[in-house]
Amino acid sequence: RGGRNCRAEMNVVKEIQKINQLELDQGIGDEASWHQKYKDSAYVFVGGLDYDLTEGDIITIMSQYGEIVDCNLVRDKEKGKSKGFAFVAFEDQRSTVLAVDNMNGSKLFDRTIRCDHVLEYRKPRKKKKKEE
């Protein structure tokens, strides 16, 4: 699916890995970390997911970094099939740092995962039921 989009995703994965390594090498603490910009958001974006994964699968995988309070696996509106990415919220924002640092660039079912902070997450709108 889309060579250009895949290359862009890999560039983001590599950039996050480079920033993390730079912070480690320079001994930068939590207060000066690039993660600090996202201290008020408990959501992460998880992309590059296998299309057969369910919300339950994602919760199982991501729960190793903390308690999950919301999981939105984005699906095609008409067919209901996964689009291969999700938004996951943790109970504790510190879990987002663990998830981003550990999941970003990892391999899952032979796919490279992109995991990044979400600055301002908007919950999807609920569908209105049609009156009969």
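Results, tabulated for the structure shown:
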read-out	value
Search result, residues across the range 33-45 that are assigned to a loop (DSSP other than H, G, I, E, B) and either under 16 Å from Phe87 (Cα atoms) or in contact with a His (Cβ under 7 Å, 6 or more places away or on another chain) (or both)	Asp40, Ser41, Ala42
Residue within the range 31-41 that is modelled with pLDDT under 75, open to solvent by 60 Å² or more (accessible area, probe 1.4 Å) and out of contact with any Cys (no Cβ under 8 Å at 6 or more places or on another chain) present	yes
The range 42-55 - residue that is touching a Cys at 6+ places or on another chain (Cβ under 6 Å) and farther than 14 Å from Asp92 by Cα and, of those, surrounded by the fewest Cβ atoms within 10 Å (Cβ to Cβ)	Glu55
When residues of the range 1-18 are limited to those that are open to solvent by 60 Å² or more (accessible area, probe 1.4 Å) and over 14 Å from Arg114 (Cα atoms), the one modelled with the lowest pLDDT	Arg1
Yes/no for Glu120 being at pLDDT 95 or above and either open to solvent by 40 Å² or more (accessible area, probe 1.4 Å) or among the charged types (D, E, K, R) (or both)	no
Residues (among the aliphatic types (A, V, I, L, M) and either outside any strand (DSSP E or B) or more than 15 Å from His117 (Cβ to Cβ) (or both)) located in the range 46-94	Leu49, Leu53, Ile58, Ile59, Ile61, Met62, Ile68, Val69, Leu73, Val74
Residue in the range 56-76 that is surrounded by fewer than 15 Cβ atoms within 10 Å (Cβ to Cβ), of a type in the set (S, T, N, Q), free of Cβ contacts under 8 Å to residues at least 40 places away in the same chain and over 17 Å from Met103 (Cβ atoms) present	no
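The values are calculated or read from the model by the stated rules, or taken from the named source; none is laboratory data. From a predicted model like this one, the values you see are computed outputs, not experimental measurements. Positions of Cβ are generated from backbone atoms using ideal geometry, with glycine treated the same way; all protein chains shown enter the neighbour counts. These area figures cover heavy atoms from the full protein model, side chains too; ligands, DNA and RNA do not enter into them. Shrake-Rupley method; radii C 1.70, N 1.55, O 1.52, S 1.80 Å.
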